[in-house]
1. Normalised by the empirical 2.2 N^0.38 Å for globular proteins, what value does the Cα Rg of segment B:111-241 take?
2. Mind checking which lysines have their C-alpha under 22 Å from residue B:46, skipping anything on the same chain fewer than 8 residues away?
3. Report the residue, chosen from B:246, B:77, B:118, that carries the largest GNM mean-square fluctuation when chain B is represented by alpha-carbon nodes joined by springs under 10 Å.
4. Taking the Cα centre of each part, how many Å lie between segment A:114-148 and segment B:128-149?
5. Considering the options B:131, A:91, B:239, tell which one lies farthest towards the positive end of the dipole of the protein assembly as shown, charges being +1 on Lys and Arg and -1 on Asp and Glu at the Cβ, about the Cα centre.
6. What number does the protein assembly as shown give for Rg over Rh if you use C-alpha atoms and the Kirkwood radius?
7. I need the peptides A:241-249, B:229-237 ranked by packing, meaning the mean over residues of other C-beta atoms within 10 angstrom, with the highest value on top.
8. Using the structure shown, list the pairs from A:92/A:117; A:117/B:180; A:195/A:259; A:245/A:276 with a Cα-Cα distance above 18 Å, or answer none.
Amino acid sequence: MSRLFALLCAGLISQIPSGALRADETAPLPREVRTRFEIPYRLTDTKHVLVRVRLNGKGPFNFIIDTGAPALIMSEKISEKTGVVNEKGWGKYRLEIEGGLTLPATSGLATDMFQLKGMNAMGLAGVELHGVLGYNILSQFRIEYDFTADKLIFTKLAFSPPKMVGLGEKAKGGQGGLEFAGDAMKMLAPLMGIKPNFETRSRGLIGIEIESSGSTVRVRSVFAGSPADKAGVLVGDVLVSVAGKKISSGDDLTQAIAKIAAGDKIEIRVERGEGKKSLTIETGKGL
Amino acid sequence: MKSLHIFTLAIALAGVSGASAAEPTPPTVKVPFVLLPTGHFLVAVKLNDKGPYKLIFDTGAPTMLINSRIGKDSGASKGGGGFFGANQSTLKSMEVGSVRAEKVPVVVMDHPTVDAFSKFFKAEHGSIDGIVGFPFFARYRMTVDYQQKELTFTPNGYLPADVTQAMMLAITSAQNDKGKSKIASASALWGFTADKSASDDAAGVALGEILKGSPAEKAGLKSGDRLMTIDGRWTDSLADTHAAASKIDAGRTVPVTVLRDGKELTLQVSPVKGF
């Protein structure tokens, strides 16, 4: 098992059809004023550096920044969604990276990488992975990685990266016959009781501004028309419990609200003057 | 389950990994790399003061990986290794150029893809023996520059978590919460409602009600605005919007872009403490 994981996680991709890459995406961009881009990222549970992209306006999709990959590579399903016509798997894409970076015509390869297939089958990354950004994109920038900061810094280089080539025919089966690994994980996952769910819901809106001091969390204001207002929460109420969780600090509250999905009906208990009150709130969609 | 049990053992062994502490004024070190015609690049690495060995530098690799030959040669593994004996070990030290890291977890394994690279480039570059990944580079603010063919490293005090452990957690939680979805939660209160119908696949979300007296109202957001980004992050669904807002603590002022009457506007919003 651990062997399979290690294989999947190497993230190293040699497999590209030879002779299919054109040099065009290495040409300098049209006059672009901006050369520095702050790119939001997250680390997946598997410690991959994940950025979000749109391809031909479709998305957002989750891509891994991968110097171990030769090019922009995406799953076939994603490529289909963009409507791009492929030739030997290669097509031209308008690539937007979250943070305001657009590459108007970049070559990309549509192929199902066994690494991503395997990780998705197990839900290992904690998020669905759709592809990787490799050399033909990354080489155009000086990229700064700092996991104590919340963005990557991409700085456009004034240079045309050398055109890259595939390992070619000599290295046929360049993945060393590893292609089985993705399917193996796909078969294993259900046997291990794993059914990944990548759906994310949004937390419910209540509409209470709070102030906390010590173990007291007090209602500072209630926005008119908000779910809290409709339920009768008043300024000055002290929160006793939220959705069953006792509140004796701001952290307690953070934990309690993180579990409330939009549309959930929850109970809030408050101290008001001498008495206690229990209020039912139907949370809204918003923040 | 037996396979899981073995996996857990590997984690126990790897659990001792740590990271070197950041210095007060950390120096930035430059390290050259060799760009291969395939777009991959190699760095010279010393392991346990042995080597240097040539390894592929791979930001997509959550683990360090070396083959059994240099595993043995550097003393990282006592034999074993090999394709059917992947084992986890800890390097006492590794050096990339003059950047030295201590206690770095490593997988010793003859990875077929690394082997394919090694064979292909043998004549020109000699043997290629593994992959430098996250457990090393995460400890630094790092830049990668293909024009200069150069990496730079500045210690940043980041302590990389062990990936094997993290994955095990992911699997157990996947087994435990069977299909339960996650909830994205804003860190502060903004004061607007938003929604998106299933048939709406355009970028952004439509703002509904702007609550009176809220940060959203004070910033000038209007009902009907199409919210496009929060601090540079896309807000393509309500969950997305919460995810973007989860990075913004109360009291911080961040730019928010909206489309209003076909024009893009940037407004500054300071969310408050609340929910």
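Every number here is computed from the coordinates shown, using simple stated rules; none is lab data. Owing to the predicted nature of the structure, the values given are computational and were not obtained by experimental measurement. Methodologically, a virtual Cβ is constructed for each residue, glycine included, from the backbone with ideal geometry; neighbour enumeration extends over all protein chains shown.
1. Working it through for segment B:111-241, the quotient is 1.67.
2. Answer for residue B:46, where 22 Å is the Cα cut-off: B:30, B:54, B:72, B:78, B:92, B:103, B:119, B:122, B:149, listed by chain and number.
3. It is B:246.
4. After rounding, the separation between the Cα centres reads 15 Å.
5. B:131
6. Numbers: Rg = 25.1 Å, Rh = 25.2 Å.
Reported Rg/Rh, Kirkwood definition of Rh: 1.00.
7. Details: A:241-249: 16.1, B:229-237: 23.2.
The most tightly packed comes first, giving B:229-237, A:241-249.
8. Going by Cα-Cα distance, A:92/A:117; A:117/B:180; A:195/A:259 fall outside the 18 Å limit.
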